[in-house]
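Worksheet: the structure to be examined is printed underneath.
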Amino acid sequence: VEMPGRGLARERLGEGVVEVSLDYLGGMRTVVGPASVATPGALAAYALASERYGLLPWREVVAPAVDSAREGFALPPTAHAYLTHAHRAIFGREPASFRALHDEHGELIGSGERVRVAHLADSLQAIADEGADTFYRGDLAALIADHVVAEGGILSRRDLAEYRAEIGAPVRFRLGDWGGASAAPPSIGGVLLGAMVRLGADLPRGATWTEALVAGLIRIQDQVLSFRADRLDHAADFGDRAWRVFETADRRLLDLAATSPSTVHTSTVDNDGLACSVTISAGYGSGVMPPGSGIWLNNCLGEMELNKRGFQALEPGSRLLSNMAPTVARSSAGDVLAIGSPGSDRITTAQAQVLFNYVMIGMSLADAVAHPRLHVEPSPQGSTVALEPGLPAAPTGARSRAFEHKDLYFGGVAAVRHDAVGRFDAVADPRRSGATAVAGHERNRFGS
């Protein structure tokens, strides 16, 4: 997403701030409403990817989404769990948004019940028929921008019209006999994942997790994530600094560091040996749904962890930071892997642990995803280690908090592999709502 506000007077920035606090995942604060809406980039990216790599006509690509919107789609348990906290404070702010998620008595619909969003199918059909351009420069763009600006936001028609998808150089890494590529800056996720993978090459290996391995993972996460908090989050030259961090992700980074929700993911591989990894987020949601569109807009300007320099502090046209780290990899044997996860700052730690389990320890893909995880939570008062049950204890003296069961806090890794002899293996993380599916005639070869 991109910072909007092109052509607007600077005094418009910072208006219309609506802060909400939710008792979600232990408590969170975010900014919602029209002022929190950043320029969306996903549709432009999809259109560019489809043009460069796709085999199907654009209309056929979008058709399943149109059908789902027209028929209604089941509310997943994970989304329902979040909405029990946010359905009024965020998604109850506008009539069309409220109606989409509540029954005739004004109560939040239940998990598994059908969500039917008025006008969403029509908007998606227009995108299918006219291309993504209608979202950025057509009638849909005018509908969205005019509503946001009228309500006090800064996303204008000009911001949408001037948005362009960009192709960046990916973050590349090696782990064992696998070569991987992850998201380029301004995604902070790909850089951190690459750094953790590089530093993890020296971790002790064995058939199972040991106390020494736990201690090593804690050390790496603490140093990399603390370095992010101290040196990257507030940097005006984030892109350059992020590349320098990754390029020095060896013992020098260890020494230097020691001194100093609404996200979804899909992983896909095909039997031509191609892999695609897509992570997308609307933040916690702004609650804004322009009348007649059926489209909920993001609150990415209001996600405090991604805007450490301040609310609406970037220059219009600047790309925002992202925790997301969609990743693809290929082994020397010709196997391909697509992997990614939602989960805010737990995205990179979840993916790094799954990659280490799969590549370095030799677990099956299902076991690598299901294995208990840890996550280091840096703070000025000292880091805390969050631990799922089933792991060896944290080192003596480490501050920790134990979870009673596997928890969506630790991400929701989706991983799928196609090997050189034509077998598929796909895993949806048991911590979150997810599913695996196969298209074509390969169903009998599906691994899980």
message: Can you show me the helix-derived [θ] at 222 nm for the chain, built from DSSP H runs with n ≥ 4 at -39,500 (n - 2.57) apiece and divided by the number of residues, rounded to the nearest 500.
response: -9500 deg cm²/dmol
field: Taking segment 335-448 and dividing mean pair separation by its residue count, relative contact order in percent (alpha carbons under 8 Å, at least six apart)
entry: 27 percent
query: Can you list, bin by bin at 5 Å, the percent of alpha carbon pairs in segment 280-407, starting at 0?
result: 2, 8, 13, 16, 15, 15, 13, 10, 6, 2, 0, 0
- request: Could you rank Thr208, Thr263 by how accessible they are, 1.4 Å probe, largest area first?
  value: Thr208, Thr263
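The values are calculated or read from the model by the stated rules, or taken from the named source; none is laboratory data. What you see is a predicted model; the values in this text were computed from it and never measured. Heavy atoms of the whole protein, side chains included, go into the accessibility calculation; ligands, DNA and RNA do not. Shrake-Rupley method; radii C 1.70, N 1.55, O 1.52, S 1.80 Å.
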